1. Condition first: assigned to a helix (DSSP H, G or I), closer than 15 Å to Thr190 by Cβ and out of contact with any strand residue (DSSP E or B) (no Cβ under 6 Å at 6 or more places or on another chain). Now tell me which residues in the stretch 216-225 satisfy that.
2. Starting from the stretch 219-236, keep only residues that are without any contact (Cβ under 8 Å) to a residue 60 or more places away in the chain and more than 15 Å from Val92 (Cα to Cα), then list their pairs with residues that are among the charged types (D, E, K, R) and open to solvent by 10 Å² or more (accessible area, probe 1.4 Å) whose Cβ atoms are within a distance under 6 Å, requiring at least 6 positions of separation or different chains.
3. Across the stretch 19-45, what is the number of residues that are within 16 Å of Ala61 (Cβ to Cβ) and among the acidic types (Asp, Glu)?
4. Within the stretch 1-33, restricting attention to residues that are in a loop (DSSP other than H, G, I, E, B) and under 21 Å from the mean Cα position of the chain (by Cα), which residue is modelled with the highest pLDDT?
5. Find all pairs meeting these conditions: Cβ atoms under 7 angstrom apart; at least six residues apart or on different chains; first residue within the stretch 174-197 and closer than 11 Å to Trp229 by Cα; second residue of a type in the set (Asp, Glu).
6. Checking the structure you have, find out if any residue of the stretch 106-118 is in a helix (DSSP H, G or I) and at pLDDT 90 or above.
Amino acid sequence: MTSVNGEGRRVIRTLIADDQEAVRRGVRRILTAQPDIEVVGEAADGLAALELAAELRPDVALVDIRMPRMDGLELTRRLAGPGVAEPVRVVVLTTFDLDEYVYPALRHGASGFLLKRSGPSLLAEAVRAAADGESLISPSVTVRLLRHVTVPRRQDRRPDRRPDRRQAAPVVSLTEREVEIAGHVAAGRTNADIAAELFISPGTVKTHVASIQRKLGVANRVGIAVHAWEMGWAAR
């Protein structure tokens with residue numbers, strides 16, 4: 001549960017799960033230097049992380065993909081997957097841009113992913129974004145990953161043809177505006193970016209995004225982006 005420090009500032013309680021001690025030490029050093037982030041626990045394997053999460057109830061868990069006893073995919077599913085009563089927001093840590101495990105992790109409810117070689121500012125940003133229910137991890141990296149790991153279901157594969165959004169939308173009962181906003185989310189745009197593009201307020205965008213998540217049955221913006229890429233809705 002998010003706590004508040006003596007100055008009345010929100011403090012994001014974070015759990016680190018990685019089997020490499022050097023990685024955990026480095027991540028802890030970066031996060032503890034932030035005034036609004038507290039590392040409440042560390043685990044060297046997935047099962048230990050699951051037990052710690054149940055005990056400590058962190059706001060965000062940074063989860064490595066490859067760990068002993070329970071890998072990051074299963075840990076993510078148990079912490080943030082469909083049907084979890086009190087989900088923990090998960091950011092998956094990965095070594096490679098196109099790690100074959102990232103897409104299933106997103107399907108299991110991860111709020112996003114972060115490359116281990118990312119800098120300190122991006123790591124802190126990822127934790128804050130996850131705590132806020134966002135997936136502001138690095139739009140360019142997220143979009144590049146989604147382009148490689150998703151296959152459009154309804155898109156004509158010929159390069160001179162673009163998907164018919166009006167045809168795709170009824171499949172998931174989204175309105176035309178929701179399909180449009182889902183496409184912008186898939187392009188890595190923030191609520192403010194989408195609002196400026198569509199000449200509506202950020203609050204209206206936020207309302208639409210919440211509605212899209214509910215209709216698609218996904219946990220976060222990344223889930224929307226994955227679905228939009230598969231359906232061929234992603235904005236150019």
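1. Arg221, Ile224, Ala225
2. Sorted first by the residue in the stretch 219-236, then by its partner, the list stays empty.
3. Adding up the residues that qualify gives 4.
4. To start, the set of residues in the stretch 1-33 that are in a loop (DSSP other than H, G, I, E, B) comprises 1-2, 5-9, 18-20, 33.
Then drop every residue that is not under 21 Å from the mean Cα position of the chain (by Cα), which leaves 1-2, 18.
Details: Met1: 57, Thr2: 61, Asp18: 96.
By that ranking, first place goes to Asp18.
5. His184/Glu197
6. Of all residues in the stretch 106-118, those in a helix (DSSP H, G or I) come to 106-107.
When the remaining residues are screened for being at pLDDT 90 or above, the result is none.
No, the stretch 106-118 has no match at all.
Here is a yes/no grid of residues against (1) of a type in the set (Ser, Thr, Tyr); (2) part of a loop (DSSP other than H, G, I, E, B); (3) at pLDDT 75 or above:
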| residue | (1), (2), (3) |
| --- | --- |
| Arg154 | no, yes, no |
| Ala168 | no, no, no |
| Val171 | no, no, no |
| Arg177 | no, no, yes |
| His184 | no, no, yes |
| Ala192 | no, no, yes |
| His227 | no, no, yes |
| Glu230 | no, no, yes |
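The values are calculated or read from the model by the stated rules, or taken from the named source; none is laboratory data. On a predicted model such as this, the values are computed, not experimentally measured, just so you know. We place every Cβ from the backbone using ideal geometry, glycine too, and count neighbours over all the protein chains shown. To get the accessible areas, we keep the full protein, side chains included, count just its heavy atoms, and leave off ligands, DNA and RNA. Shrake-Rupley method; radii C 1.70, N 1.55, O 1.52, S 1.80 Å.
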